[in-house]
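In what follows, a single structure is set out as structure tokens and then discussed.
Values in this text are rule-based calculations from the coordinates and carry no lab data. Predicted model only: the values in this text are computed from it and were never measured. Here the Cβ is made from the backbone with ideal geometry for all residues, glycine too, and neighbour counts use every protein chain on show.
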Amino acid sequence: MSEWVLGILGGSGLYDMDTLENREWISIETPWGMPSDDILFAELGGVKLRFLPRHGRGHRLSPSDVNYRANIDVLKRAGCTDILSISAVGSLKEEYAPGDFVIVDQFIDRTFKREKSFFGTGLVAHVSTADPVCMRLSGLAGDAAQKAGATIHRGGTYLAMEGPQFSTKAESHMYRAWGCDVIGMTNMPEAKLAREAELPYATMAMVTDYDCWHSDHGNVDVASVIAILMKNADTARAAVRELVGHISKSQRTPSPQGIETSLDVALITSPEARDPELLVKLDAVAGRVLAMK
């Protein structure tokens, strides 16, 4: 058993968590370039937290410009055992209303401009993302959001689009026909990279709008999104407090899904053919398994 070190990726509207204790913003270098911002090292109720605003403080970065590899790597270097993604999304279902929270359990990745793996030429790896979130952490996040007063939906498919433009009506209707529940621009390749880094990952998605498919609601725009975001951000902070209050009562055990050993059956390149420079870059992400080979 070990202690929990909870990493939090804050999405649109959540750029700081000023109620945390023993706060210190620390800059950490990664071999994958600069992360979105410094890491806020903090504590709450005796639990260690590492907070990273996905878009940077002040929302400097568009979804396509976020360095997802650096963000996951830096959270691993900061000692995180688990990652909670807090993300703004549009709803593709009538019953998922603005202000609701969705605990996502599946993704469809429609992004195309982003680096999606830590691995490649010199060391090839194929991790399973059949079940892309940690069900234990997702369950705890859902319970916490509910205790914080949110209307929650447990389970849902997140369509990750490239952006930064919002959907066309044709796209929005197509994604609904596919059976998607919410749409956003940031959780892919984030979730895939977390799995490569052997970090349990969960998404707490905050609904801000109905995208553009709903005939009774206007097309999504930044002003309407921000109005919902401010309310949702307060609820998200309360949910984090509830989550921390729960996990503070027990020591952490490995994810029941075996996420912390995902790379044991993923590396395919033979040891003698591996690129030494890439191995150096993978010291945090894959150091555990590489030390065994």
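A few remarks follow.
- Label-point gap, in nm, between Ser117 and Gln165 - each point 7 angstrom along Cα→Cβ: 3.0 nm
- Legend: calculated FRET efficiency, Lys147 to Glu3, from the Cβ-Cβ distance at R0 = 30 Å, rounded to 0.05, equals 0.85.
- Across the chain, the longest piece that holds none of the GluC sites (Glu not before Pro) lying in DSSP loops with up to 11 other C-beta atoms within 10 Å covers 96-293.
- Helical mean residue ellipticity (222 nm; -39500 (n - 2.57) per DSSP H run of 4+; nearest 500) of the chain: -8000 deg cm²/dmol
- Ordering Met230, Met206 by the number of other Cβ atoms within 10 Å of each residue's own Cβ, fewest first, gives Met230, Met206.
- Taking N as its residue count, the alpha carbon Rg of the stretch 138-293 over 2.2 N^0.38 Å: 1.32
- The stretch 228-293: proportion of alpha-carbon pairs further apart than 14 angstrom, %: 73 percent
- Length added when fully stretched, Glu272-Arg57, from 0.36 nm per residue minus Cα-Cα: 73.1 nm
- Dimensionless Rg over Rh [the chain; C-alpha; Kirkwood]: 0.96
- Inter-centroid distance (Cα atoms) of the stretch 58-115 relative to the stretch 125-148, Å: 13 Å
- Average silhouette area of the stretch 1-127, convex hull of alpha-carbon atoms, in square nanometres: 10.2 nm²
- Most simply put, the chain has about 40% antiparallel DSSP beta bridges, counting only bridges with both residues inside it.
- Among the trypsin sites (Lys or Arg not before Pro) in the stretch 74-180, those located in a DSSP loop and surrounded by at most 10 other Cβ atoms within 10 Å of their own Cβ are Lys113.
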